[in-house]
Structures are given as structure tokens and as C-alpha cells.
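These notes are about the structure you will find just below.
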């Protein structure tokens, strides 16, 4: 299986930290106190999202060609 990579949108929050949205995976949103934590949380959110798709026998969206 080829590695899947997804584009992340990171938004710095006024109160601190970063919100991360993965546009290819609807509803896949997470947060981290630092940039590194936000990216790590995004990796975990993507893994859980894809595991859920597999469990429900749903199609896995094509990855975007951006590395995180």
C-alpha cells in the first residue's frame, strides 16, 4: 500500500495554539498547543479517521500530494 499524505490547514488561534483542518477528510479537525503538537495530533486524527472508514467499508479519499 502506498503512503497516504494529506494537506493540512493550520490556523493560529488568538488564545494560543493551532487548529488543524484536513480538507480531504470532511469533519477531520484537531488542535495542538504548539505547531509540533498540532501536526502530531493531525497524524493521529487522520489515522483514526481512515480506520473508521475501513471499519465501515467506506471509500478512503485519495491523498493529496503534500507531506506533513
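Descriptive notes on the structure:
- Multiplying the residue separation of residue 15 and residue 51 by 0.36 nm and removing their Cα-Cα distance gives an extension gain of 9.8 nm.
- The range 10-49 - percent relative contact order, Cα under 8 Å, separation 6 or more: 32
- Note on the chain: helix-only mean residue ellipticity at 222 nm, from DSSP H runs of 4+ residues weighted -39500 (n - 2.57) and normalised by residue number, equals -10500 deg cm²/dmol.
- Helix 35-55 axis, angle to the chain major axis (alpha carbon atoms, nearest 10°): 20
- Hydrodynamic radius of the range 9-55 by the Kirkwood approach over all distinct alpha-carbon pairs: 10.8 Å.
- Highest to lowest packing among 13-19, 38-44, 27-33, scored as the average C-beta count within 10 Å: 38-44, 27-33, 13-19
Each value in this text was obtained by applying a stated rule to the coordinates, not by laboratory testing. Note that this is a predicted model, so its numbers are computed, not measured. When we count neighbours, we look across all protein chains shown, and the Cβ atoms used for this are built from the backbone with ideal geometry, even at glycine.
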